[in-house]
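My questions will all concern the structure given below.
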Amino acid sequence: MLHSSFISKSNGTKFPSFASANATLSSFRASSHFQMALKWSKIAFSSSSGQRLSSKARSRVKHRTANVYGRQARERVLEEEASEMAEATPSFKIFPGQAFPLGASEVDNGINFAIFSQHATAVTLCLSLPQRGELDMLAGGMIEFSLDPNLNKTGDIWHICIEDLPRSNVLYGYRIDGPKDWDKGHRFDSNNVLIDPYAKLVEGRRNFGDAKHKLSKFLGTYDFDSLPFDWGEDYKLPNIPERDLVVYEMNVRAFTADESSCLDQDIRGTYAGLIEKIPHLLELGINAVELLPVFEFDEFEFQRRPNPRDHMINTWGYSTINFFAPMSRYGSGGGGAVSASREFKEMVKALHGAGIEVILDVVYNHTNEADDKHPYTTSFRGIDNKVYYMVDLNNEGQLLNFSGCGNTFNCNHPVVMELILDSLRNWVVEYHIDGFRFDLASVLCRGTDGSPLGAPPLIRAIAKDATLSRCKIIAEPWDCGGLYLVGSFPNWDRWAEWNGKYRDDLRRFIKGDPGMKGAFATRVSGSADLYRKNKRKPYHSVNFVIAHDGFTLRDLVSYNFKHNEANGEGGNDGSNDNFSWNCGFEGETDNVDIIALRFRQMKNFHLALMVSQGVPMMLMGDEYGHTRYGNNNSYGHDTALNNFQWQQLNARKSDHFRFFSEVIHYRQKHRVFSHENFLDRSDVTWHEDNWDNPDSKFLAFTLHDKGGGEIYLAFNAHDFFVKVSIPPAPPKRRWFRVVDTNLASPDDFVGEGVPGIGSTYNVAPYSSILLEAK
């Protein structure tokens, strides 16, 4: 047994000073894996100031035989007593530990800690046993155990097992030292206490945006006390076929953070808050949510030093601290990491119960640790920078930056690749996630030196992994280094893609750009030019007009230029290529004609999206016409700029929202919009003989249902009426008008259809129609 006592000290909101107990620990090695041979060397206790303890401390050593992992081994147990100390730490029984699994795990003899670092020369495990219920879980001292590289290391994995630790409510991290050669890619600094990359839970400040704990540190924790989560006897996964998905991109916090959500303050902006609003999602008609990042991140990262963005709070979350831990401050009531993990599962269970799949937007292309000029070292950089990040060894070991965020995760390094796979599997097995959208996925197609790979090992491994086989996997097929892979992303017939060409071509046609009719036809019919390769399907195109980054749908029809002054970067951030049109006036206006045209254009975009072959994705808030007032890069605003405005939804429930919802439900009821295979001549008739005229901005076509039904669609992007000839309806059927975006609600959508359609129809400027043969 190891007995010790010490007095801990804290320096307020800064990271606590440490009372350390450095122990060179025993190690073992089995005959086939780890044959154990236990050794002890000196144990030195020190106070937080680094002073050695008083010579009054007495020690005695005794020998006994213990059964270690089912094997007999000799161990020596050193007992230290310091009579002058006022407080005593718990007794710990130490074993050398095992290399796998990585992270903190419960084994027969206690809690095992294992961490990879190829280039480290010294690793120290730091533990904190804070009092339950403390506001700041990091306000206590830490006990430190130094691992002997000759005894507590197997290959490149450092490990230790401690028997007497609590099964929960323990914080832990690592101090790691190693070579100081920056030009060789190393960034070791043993002053930092680092988060275990395999920590399943991360503790930091308890409440989102709590400025009193702005500089709160983050540490790993674990929970082996809680019972397994009860998914319920009748629980089942939705398992929605990819072709039938209608995706709703949303931000957990922004969805209910606003006071207009009318939720209790404790659950606004939380997983629990989202549960309360599931009825809205069902009324809208979507069947999958794509959640902006929900991995642990630090919303105050911009405020750690003076800079032009130090007024901002990261609300999008594209700045991952840890790839296993749910964002703890999306849990309600400041309950911490364990409570947030459970609440996340409650959210997934509730969404699944409503028939809605959960897709996570995951960021494996970079982390929060920034660049070399202003690093924010919390984990990977200090553990083994040369392994976890791409570095340019021909340029003094500088970090490569294909993410636009200062660093690039070294995704195709074998160790990093396995970390990513383990993370994905954890979300599928532990949290029942249905799919993943990979941010800047072209980074995942680069080798360790940053060069593009034809067959990236990670992309293939994700496609072939048994645990991930039921999941939707979606690439954002570009990065900030210019690797644009729309239509050519390595896919193994599994990967879908955010179709950026769909977005651009639809925007340009609907707003009336010349020469876009052919491209528009190609996009709404499934982008066969991009995806009809090997065994790929139309649903491998995730179609979207609007996503989180860029204009909202209302801003797309209200602004010709971005207005990002509030971001603090002088308007230099955000894309300049928006293919937007303000309909005659920049920004907000009282002109009723311009307002009417804008809402008509929004309906045109939505109709085109929902009748296109492929998987449609819309953005949270577009169902009522949310505006960010021209800001097309609003990642740092925890305000109404991003937050869902429920009072505006209520005001537009009977018109704008009604149209959006009805069109989505209409798509769900008609299989003609979601073909399994690409359209052939029996599936569609193009009523067009003017393809080569760049000034032609009118397109009409008929989709044929092999069951006998037909749907006629026409889109007019001219600024004048077009009188179009309507083809004859099938035998014993006649045309009914379902949609005319030029009409006011409720006539703009009539589900049962309006009869009396003649041989011609006068399609209004900037409008579209849908007729159904009945």
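Can you give me the angle between helix 592-610 and the longest principal axis of the chain, using Cα atoms only, in degrees from 0 to 90, rounded to the nearest 10?
Here the helix axis deviates by roughly 70 degrees.
Can you list the lysines whose alpha carbon sits under 16 Å from that of K603, skipping same-chain ones fewer than 8 residues off?
The reachable lysines, counting only those whose Cα sits under 16 Å from K603, are K511, K653.
Using only Cα atoms, locate the centre of region 402-430 and the centre of region 647-683, then give the distance between them in Å, rounded to an integer.
Taking the Cα centre of each part, region 402-430 and region 647-683 sit 36 Å apart.
Could you tell me what percent of the accessible area of region 228-369 is made up of carbon and sulfur, with a 1.4 Å probe and every protein chain present?
C and S fraction of accessible area: 45 percent.
Compute the distance in nm between two label points, each set 7 Å from the Cα along the Cα-to-Cβ direction, one at D705 and one at D747.
Those two pseudo-labels are separated by 2.6 nm.
While we're on this one: Explain nothing, just the number: relative contact order of the chain, from Cα pairs under 8 Å at least 6 residues apart, as a whole percent.
Once divided by the residue count of the chain, the mean separation gives 9 percent.
Could you give the dipole magnitude of region 363-460 about its Cα centre, charging the beta-carbon of Lys and Arg +1 and that of Asp and Glu -1, in debye to the nearest 20? Present the calculation step by step, with values, prior to reporting the outcome.
Numbers: 7 positive and 12 negative charges, 35 e Å.
It comes to approximately 160 debye.
Where a ≥ b ≥ c are the square roots of the eigenvalues of the C-alpha gyration tensor, would you call region 680-773 rounded, which needs a/c under 1.5, or, failing that, prolate if a/b is larger than b/c, or oblate?
oblate
Once you have the Cα-Cα distance between N534 and D680, take 0.36 nm times their residue separation minus that, and quote the gain in nm to one decimal.
Working: separation 146, 0.36 × 146 = 52.56 nm, distance 1.67 nm.
So the extension gain works out to 50.9 nm.
Can you tell me the order of 186-194, 101-109, 687-695 when each peptide is scored by its average per-residue count of other Cβ atoms within 10 angstrom, highest first?
Ranked from most to least packed, the peptides come out as 186-194, 101-109, 687-695.
Roughly to the nearest percent, how much of the accessible area of region 431-505 is carbon and sulfur, given a 1.4 Å probe? Present the calculation step by step, with values, prior to reporting the outcome.
Values: 1100 of 2190 Å².
Using a 1.4 Å probe with all protein chains present, region 431-505 comes out at 50 percent carbon and sulfur.
With unit charges on the beta carbons (Lys and Arg positive, Asp and Glu negative) and the dipole taken about the Cα centre of the chain, which residue among P730, I473, P308 sits farthest to the positive side?
Final value for the positive-end residue is I473.
While we're looking at this one, here's another question. Please work out the Cα convex hull volume for the chain and give it in Å³ per residue.
Residue-normalised Cα hull volume stands at 169 Å³.
Only four residue types carry charge here, +1 at the Cβ of Lys and Arg and -1 at the Cβ of Asp and Glu. Report the dipole size of region 680-773 about the Cα centre in Debye, rounded to the nearest 20.
Using only the charged Cβ atoms, the result is roughly 360 debye.
Apply 1/(1 + (r/R0)^6) to the Cβ-Cβ distance of W691 and F561, taking R0 = 35 Å, and write down the FRET efficiency to the nearest 0.05. Provide the component values of the computation, followed by the final result.
Values: r = 32 Å, r/R0 = 0.92.
Efficiency, rounded to the nearest 0.05: 0.60.
Could you rank the peptides 254-260, 621-627, 529-535, 322-328 by their average count of other C-beta atoms within 10 Å per residue, with the highest value first?
Taking the mean over residues of other Cβ atoms within 10 Å, the ranking is 322-328, 621-627, 254-260, 529-535.
I want to check the label-to-label distance for Q668 and S759. Put each point 7 Å from Cα in the C-beta direction and report it in nm to one decimal.
4.0 nm
Roughly to the nearest percent, how much of the accessible area of region 680-773 is carbon and sulfur, given a 1.4 Å probe?
Accessible surface attributable to carbon and sulfur in region 680-773 totals 50 percent.
Which residues in region 338-382 have a backbone N closer than 20 Å to a point placed 7 Å from the Cα of C480 along the Cα-to-Cβ line?
Counting backbone N atoms under 20 Å from the label point, the list is 361-382.
Which residue, chosen from G708, L771, H687, occupies the Cα position most advanced towards the positive end of the dipole of region 680-773, where the dipole is computed from +1 (Lys, Arg) and -1 (Asp, Glu) charges on Cβ about the Cα centre?
Farthest towards the positive pole: G708.
While we're here: Given labels modelled 7 Å from the Cα in the Cβ direction, how far is it in nm from Y629 to I595?
Output for this residue pair reads 1.8 nm.
Length gain on complete extension for the stretch H718 to E418, per 0.36 nm per residue less the alpha carbon to alpha carbon distance?
Details: separation 300, 0.36 × 300 = 108.00 nm, distance 5.31 nm.
Taking 0.36 nm per residue and subtracting the Cα distance, the gain is 102.7 nm.
Show that you can apply the helix-only estimate: for the chain, add -39,500 (n - 2.57) for every DSSP H stretch of four or more residues, divide by all residues, and state [θ] at 222 nm to the nearest 500.
Dividing the helical sum by the residues of the chain leaves -5000 deg cm²/dmol.
Given a 1.4 angstrom probe, what's the average accessible area per residue across the chain, in square angstrom? Don't skip to the end; give the middle numbers.
Working: 29390 Å² over 774 residues.
Each residue of the chain exposes 38 Å² on average to a 1.4 Å probe.
To continue, here is another question. Taking the Cα centre of the chain as origin, work out the dipole magnitude from +1 charges on Lys and Arg Cβ and -1 charges on Asp and Glu Cβ, in debye rounded to 20.
Charge dipole, the chain, about its Cα centre: 1540 debye, nearest 20.
Between S226 and E259, 0.36 nm times their residue separation minus their Cα-Cα distance comes to what?
Contour length minus Cα-Cα distance gives 8.6 nm.
Rank by packing, highest mean first: peptides 653-660, 552-559, 758-765, with packing defined as the count of other Cβ atoms within 10 Å averaged across residues.
552-559, 653-660, 758-765
The values are calculated or read from the model by the stated rules, or taken from the named source; none is laboratory data. Computed from a prediction, not measured in an experiment: that's the story for all the values here. Every residue, glycine among them, receives a Cβ derived from its backbone with ideal geometry; neighbour counts consider all protein chains shown. These accessible areas exclude ligands, DNA and RNA; they are computed on the full protein's heavy atoms, side chains included. Shrake-Rupley method; radii C 1.70, N 1.55, O 1.52, S 1.80 Å.
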